[in-house]
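The values are calculated or read from the model by the stated rules, or taken from the named source; none is laboratory data. Bear in mind that the values here come from a model prediction, so they are computed numbers and not experimental data. Positions of Cβ are backbone-derived with ideal geometry, glycine not excepted, and every protein chain shown enters the neighbour counts. Ligands, DNA and RNA are excluded from the accessible area calculation, which covers all protein heavy atoms including side chains. Shrake-Rupley method; radii C 1.70, N 1.55, O 1.52, S 1.80 Å.
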Amino acid sequence: MGGRLTLSQPRTGFRAGLDSVLLGAAVPAGTRNVLDLGAGVGTAALCTLAMGRAEKACLVERDEAALALARDNAAQNGLAGRADVLALDVLAKGADRRATGLKDNAYDVVIANPPYFGAGQGTHAPDNARADARHMDTDGLETWVKCAATAASAGGTAILIYPAEGLASLLAAFDRRFGGIVILPLCPRPGAPASRVLVRGNKGSRAPLRLLATRPLHGDQGNDFAPEFDSILRGTAVLDW
């Protein structure tokens, strides 16, 4: 983001990157408060605050080391007064979430980058923190979306980024709780299959689903980002969708 945000991350294990920045840039302007489920070191939520898309953020994370870094990152970037950090497992029971301080029906926007391998899928990373960020139990995605719906205010928005192969499961969870669903597929290069999707829905909406055109992250050759995404990563633009 052109030096506007400096974040500390673990030396080993899961490292936040493009997905987290895109998630932060997907939050609509004028958001009063944003909830980041499974926030890790705070990348997505702090990007949202640094971009001026939201006034305040609540970061929820269960890993103690990531929580400590999230608090430090908020403080080091002058955002501590706008960012609350809660030690909480998204998969915890509703009563436990409320006891920890996570409010129901309270957040304008809920964002999340859930673990993307279900039980028995993929190869578990040897690092526990990285494994937790990549894997969750069967039906875990359903619980993440349910938590987002419970926390979102009336008319509030949920935005998730997820691998494209998991779109069917994500839509099944969204369809029971959100309307006005918008799907933005992203592919590595022009003409390539989508590798990830951004999905947005509004609580209480009855608007029909919209599938947007797939956008390539890079050009035909080379590793440079397409102009739209280069501008987002440099902090000079937000995601227009």
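Measure out, as a whole number of angstrom, how far apart the alpha-carbon centroids of the range 178-197 and the range 12-34 sit. Value for the Cα centre distance between the two parts: 17 Å.
Applying a 10 Å radius around every beta-carbon, put 41-48, 219-226, 25-32 in order of their mean neighbour count, most first. Intermediate results must be reported in sequence, preceding the final value.
Numbers: 41-48: 28.6, 219-226: 10.8, 25-32: 18.2.
Ranking, from highest mean packing down: 41-48, 25-32, 219-226.
Around the amide H of Leu35, modelled in the peptide plane, lie the amide H atoms of Cys58, Val109, Val110, Ile111, all under 5 Å away and 5 or more residues distant in sequence or on another chain.
The string of couplings for the range 75-88 from the Karplus curve (6.51, -1.76, 1.60, θ = phi - 60°) is 5, 5, 9, x, 10, 4, x, 10, 10, 9, 10, 10, 7, 7 Hz, one whole number per residue in order, with x for Gly and Pro.
State whether the range 49-99 is rounded, prolate or oblate according to the following rule on the C-alpha gyration tensor (a ≥ b ≥ c being the square roots of its eigenvalues): a/c under 1.5 gives rounded; otherwise a/b larger than b/c gives prolate, and the remaining case gives oblate. Verdict is oblate for the range 49-99. Projecting the Cα atoms of Phe225, Ala172, Gly3 onto the charge dipole of the chain (Cβ charges, centred on the Cα centre) puts Ala172 farthest toward the positive pole. For the chain, the mean projected area of the C-alpha convex hull, equal to one quarter of the hull surface, is 12.5 nm². Model label sites at Arg4 and Asp139, defined 7 Å from Cα along the beta-carbon direction, differ in position by 4.2 nm. Take the Cα pairs of the range 192-241, get the Kirkwood Rh, then feed it into Stokes-Einstein at 20 °C and 1.002 mPa s and tell me D in µm²/s. Answer from the Stokes-Einstein relation: 162 µm²/s. Our summary gives the chain a relative contact order of 18 percent, counting only alpha carbon pairs under 8 angstrom and 6 or more residues apart. Rolling a 1.4 Å probe over the protein heavy atoms of the chain, with every protein chain left in place, gives an accessible area that is 48 percent carbon and sulfur.
Would you mind getting the accessible area per residue of the chain, heavy atoms of the protein chains only, 1.4 Å probe, in Å²? Don't jump to the answer; show the numbers that get you there.
Numbers: 11360 Å² over 241 residues.
Solvent-accessible surface per residue comes out at 47 Å².
Note on the chain: dipole from Cβ charges, positive end direction compared against Ala70, Thr31, Ala95; the farthest Cα belongs to Thr31.
Which net charge results for the neighbourhood of Thr43, defined as the other residues with beta-carbon distances under 12 angstrom from its beta-carbon, given Lys and Arg at +1 and Asp and Glu at -1?
Details: positive: Arg15; negative: Asp19, Asp36, Glu61.
Summing Lys/Arg as +1 and Asp/Glu as -1 gives -2.
Multiplying the residue separation of Asp220 and Arg98 by 0.36 nm and removing their Cα-Cα distance gives an extension gain of 39.1 nm. The relative contact order of the range 7-111, computed from alpha carbon pairs under 8 Å that lie at least 6 residues apart in sequence, is 29 percent.
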